[in-house]
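The values are calculated or read from the model by the stated rules, or taken from the named source; none is laboratory data. A quick note: this is a predicted structure, and the numbers were derived from the prediction, not measured. With ideal geometry, Cβ positions are generated from the backbone for all residues, glycine too; neighbour counts draw on all protein chains shown.
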Amino acid sequence: MATVAILIGSESDRDIAERAANVLDSRGVDYEVRILSAHRNPAELEEYIRKSDAEVFIAIAGLSAALPGAIASRTKKPVIGVPVSSKLGGMDALLSIVQMPKGVPVACVGIDNGENAAHLALRILGM
């Protein structure tokens, strides 16, 4: 069982996931990293969310950054979005993450800031 699920939309986002993982490692928090795209693997993503025992999701995504919102629309657990600086300096991803509709909240940290996502997850977990 992973306490934190770190989901990335593509392999190119792995370095940001590793930044979050390093913070969680330093605090002894269990986590897992999975590549699940909201666009390429929607059925797998939905199944993963449904079966996950994670208490917090960290979703790392660039471009349209649909991953955090897709997760938040399928769970009541906290979701932290990390926008990736793949295009437009990451502003497109940032705005996609922070502009979720009412009732589908997603916390958002700075562009490429996997470390702060992990620190926020720790605070949510009361650590």
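Suppose the filter is closer than 17 Å to Ala2 by Cα, of a type outside the set (A, V, I, L, M) and part of a strand (DSSP E or B); does Glu47 pass it? When the stated conditions are applied, Glu47 does not pass them.
Restrict the check to the stretch 79-88 and report whether at least one residue is under 20 Å from Asp13 (Cβ atoms) and without any contact (Cβ under 8 Å) to a residue 12 or more places away in the chain. Yes, the stretch 79-88 contains a residue that is under 20 Å from Asp13 (Cβ atoms) and without any contact (Cβ under 8 Å) to a residue 12 or more places away in the chain. Taking the listed residues Asn41, Asn22, the one that is out of contact with any His (no Cβ under 9 Å at 6 or more places or on another chain) and in contact (Cβ under 8 Å) with a residue 60 or more places away in the chain is Asn22, with no other qualifying. Scanning the stretch 34-64 for residues that are crowded, with 16+ Cβ neighbours inside 10 Å, more than 10 Å from the chain's Cα centre (by Cα) and either under 23 Å from Gly126 (Cα atoms) or modelled with pLDDT under 95 (or both) returns Ser37, Ala38, Ile49, Ser52, Ala54, Glu55, Gly62, Leu63. Among the residues in the stretch 85-105, are any more than 10 Å from the chain's Cα centre (by Cα), β-branched (Val, Ile, Thr) and closer than 16 Å to Leu45 by Cα? No, because not a single residue in the stretch 85-105 is more than 10 Å from the chain's Cα centre (by Cα), β-branched (Val, Ile, Thr) and closer than 16 Å to Leu45 by Cα. Can you name the residue in the stretch 2-29 that is small (Gly, Ala, Ser) and out of contact with any strand residue (DSSP E or B) (no Cβ under 7 Å at 6 or more places or on another chain) and is also surrounded by the fewest Cβ atoms within 10 Å (Cβ to Cβ) among such residues? Checked the stretch 2-29; the qualifying residue surrounded by the fewest Cβ atoms within 10 Å (Cβ to Cβ) is Gly28. Scanning the stretch 70-106 for residues that are on the phi > 0 side of the Ramachandran plot and either buried (at least 20 other Cβ atoms within 10 Å of the Cβ) or part of a helix (DSSP H, G or I) (or both) yields Leu88, Gly89, Gly90.
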